[in-house]
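So the structure is just underneath, and the comments pick up after that.
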Amino acid sequence: MITKALLEEVLAKAMSTGADFAEIFVENTRSNSIYMIDGRVDSITDNTIAGVGIRALLGVRCVSASTIDLSREGLLRCAEQVADVIGEHPTALDIHLNERIFPDVHAIKIVPDTAKKATKIDLLKAGYFAAKNYHEDIAQVSANLLDVDHNILIANSDGLYTEDRQIRTRMGVSAIASRGGENQSGGMSPGRRMGLELFDLFPPEQIGLEAARHALVNLSAGYCPAGKMPVAIENGFGGVIFHEACGHSLEATSVAKNTSQMAGKLGQKIANEKVTAIDDGTIPNAWGSINIDDEGTPSQRKVLIDKGVLKSYMIDKLNGRRMGMQENGSSRRQSFHHSPTSRMTNTFIAPGTDKNEDIISSIEYGLYAKKMGGGSVNPISGAFNFAVSEAYIIRNGKICEPVRAASLIGTGSEILQNIDMVGTDLETGQGMCGSASGSIPTDVGQPLIRVSEITVGGR
């Protein structure tokens with residue numbers, strides 16, 4: 001336990017050469033992972049990450065260091081290293097910390113760390129065997145159950161002292177279908193900021209069955225034709241395109257350095273008026289939700305784009321200084337080893353008014369992207385290339401045969417203008433987002449949308 005008195009002493013040391021702000025980030029994270037393949041539990045892994053990150057700012061200069069030595073000597077030594085680099089003017093400070101307790105809207109019914117290993121293994125087996133026994137063409141299945149108990153304490157020279165506990169649970173099942181020497185894969189991996197009650201929402205059997213169904217659809221699919229065409233992108237993880245191609249361009253990490261396609265465009269129309277996009281870290285039990293960000297700022301609901309007009313960026317303290325703007329609960333980091341910066345939480349295109357059947361029937365010939373996969377994006381230009389993991393041809397306003405090896409190619413600014421129909425059925429998908437401050441849990445989401453024209457890669 002690090003006392004408030006010691007935290008105050010360490011902050012003063014970090015600022016002792018002239019820094020105008022200092023911060024301490026204390027982390028203790030326990031995680032448990034169970035992995036199953038070939039009909040048996042292959043590994044059980046328990047990890048603990050514990051340490052402290054210390055950061056000092058002087059204007060827009062930033063120096064940070066980290067340590068796993070939580071003794072008084074170790075913490076003061078780490079703070080002294082920061083002070084030696086950040087400034088040259090000896091300063092004596094008296095810092096007093098005042099504790100703040102922020103509301104916690106993320107009720108946890110079954111704390112995973114207190115559940116028996118046998119209980120978790122039974123849940124994992126239910127998902128695994130549901131997929132394995134789905135069809136004779138399912139050749140291989142793997143499954144993983146992850147739970148994380150992430151505890152943080154933040155203290156800074158403004159007098160803030162606050163804590164947060166973040167419990168998350170996720171199960172993933174992957175299936176490979178094989179026939180005639182050909183293999184195709186499918187998967188499902190829901191997660192939430194909750195305990196084992198996750199499986200009341202997503203029974204393990206449902207996760208396994210969906211993974212196997214997905215693999216078999218791809219096994220029977222022909223190759224996708226290439227060309228420019230209208231595309232209907234399904235809800236849930238379909239929102240990964242906005243997250244990657246547009247969301248990162250709205251983070252102050254790139255905006256402050258003028259390396260974003262969205263820099264300097266506040267108040268401008270950057271999207272079709274059908275598009276309203278939101279980053280909201282306050283959603284109860286959502287995968288990417290936080291009570292406070294990793295600088296201790298309360299989480300917020302931020303309307304990024306309102307009916308096509310750019311309204312806000314996601315801003316952390318350091319980049320807020322560079323931009324002359326206030327931080328808004330967007331600072332996140334993977335661990336105490338990483339310096340925080342602006343990142344997304346739960347980012348989605350808000351529901352519109354178009355009916356799903358009208359979106360599909362409006363397309364004479366095009367693609368229905370039921371499930372999106374991974375991809376790549378250039379944050380400066382917004383150019384992206386995303387795989388579609390499950391797709392179907394739309395012909396005469398109806399969803400027809402499945403196709404595979406489809407990809408969507410374009411730019412963030414282009415796709416924002418071409419989203420001309422937005423459905424009502426918002427769903428989210430879970431992922432781990434990697435960027436400057438490491439890998440963090442984020443939700444992506446949208447209703448079913450129509451992109452009037454986009455380049456589809458295929459054969």
Any hit, segment 353-365, residues being aromatic (Phe, Trp, Tyr) and surrounded by fewer than 18 Cβ atoms within 10 Å (Cβ to Cβ): yes
Qualifying residue in segment 355-362 (condition: part of a strand (DSSP E or B) and in contact with a strand residue (DSSP E or B) (Cβ under 7 Å, 6 or more places away or on another chain)): no
Number of the exception - residue 158 against (1) buried (at least 20 other Cβ atoms within 10 Å of the Cβ); (2) of a type in the set (D, E, K, R); (3) within 30 Å of residue 11 (Cβ to Cβ): (1)
Scan of segment 295-313 for residues that are over 19 Å from the mean Cα position of the chain (by Cα) and basic (Lys, Arg), ordered by number: 307, 311
Residues of segment 50-60 classified as surrounded by fewer than 19 Cβ atoms within 10 Å (Cβ to Cβ), touching a Lys or Arg at 6+ places or on another chain (Cβ under 8 Å) and aliphatic (A, V, I, L, M), total: 1
Candidate set from segment 166-183 (those that are crowded, with 20+ Cβ neighbours inside 10 Å and more than 30 Å from residue 284 (Cβ to Cβ)); member that is nearest to the chain's Cα centre (by Cα): 175
Test: residue in segment 214-229 that is under 21 Å from residue 388 (Cβ atoms) and touching a Phe, Trp or Tyr at 6+ places or on another chain (Cβ under 7 Å): yes
Subset tally (residues that are assigned to a loop (DSSP other than H, G, I, E, B) and of a type outside the set (D, E, K, R)) for segment 67-101: 13
Residue list for segment 186-209, filter: among the small types (Gly, Ala, Ser) and either assigned to a helix (DSSP H, G or I) or touching a Pro at 6+ places or on another chain (Cβ under 9 Å) (or both): 191, 195, 208
Check on residue 163, assigned to a loop (DSSP other than H, G, I, E, B) and either surrounded by fewer than 19 Cβ atoms within 10 Å (Cβ to Cβ) or at pLDDT 95 or above (or both): no
Residue 66 in contact with a Phe, Trp or Tyr (Cβ under 8 Å, 6 or more places away or on another chain), in contact (Cβ under 8 Å) with a residue 12 or more places away in the chain and hydroxyl-bearing (Ser, Thr, Tyr): yes
Subset of segment 117-166 [closer than 15 Å to residue 41 by Cα and either touching a helix residue (DSSP H, G or I) at 6+ places or on another chain (Cβ under 6 Å) or among the basic types (Lys, Arg) (or both)]: 117, 120, 123, 125, 126, 127, 132, 141, 143, 145
Residue in segment 407-418 that is part of a loop (DSSP other than H, G, I, E, B) and more than 22 Å from the chain's Cα centre (by Cα) present: no
Looking only at segment 265-289, and only at residues there that are part of a loop (DSSP other than H, G, I, E, B) and either among the small types (Gly, Ala, Ser) or on the phi > 0 side of the Ramachandran plot (or both), the one that is surrounded by the fewest Cβ atoms within 10 Å (Cβ to Cβ): 267
Residue check, residue 394 assigned by TED's automatic domain parsing to the domain that holds residue 302, assigned to a loop (DSSP other than H, G, I, E, B) and not acidic (Asp, Glu): no
Test: residue in segment 50-66 that is assigned to a loop (DSSP other than H, G, I, E, B) and touching a helix residue (DSSP H, G or I) at 6+ places or on another chain (Cβ under 9 Å): yes
Any hit, segment 242-264, residues being in a strand (DSSP E or B) and either of a type in the set (A, V, I, L, M) or in contact with a Cys (Cβ under 8 Å, 6 or more places away or on another chain) (or both): no
Residue in segment 389-397 that is at pLDDT 95 or above, within 24 Å of the chain's Cα centre (by Cα) and at positive phi present: no
Filter pass, residue 196 being among the hydrophobic types (A, V, I, L, M, F, W, C) and without any contact (Cβ under 8 Å) to a residue 12 or more places away in the chain: no
Residue match in segment 219-234 (condition: in a helix (DSSP H, G or I), surrounded by 24 or more Cβ atoms within 10 Å (Cβ to Cβ), at pLDDT 95 or above and out of contact with any Pro (no Cβ under 9 Å at 6 or more places or on another chain)): no
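The values are calculated or read from the model by the stated rules, or taken from the named source; none is laboratory data. Computed from a prediction, not measured in an experiment: that's the story for all the values here. In this analysis, Cβ positions are derived from the backbone assuming ideal geometry, glycine residues included, and neighbour counts consider all displayed protein chains.
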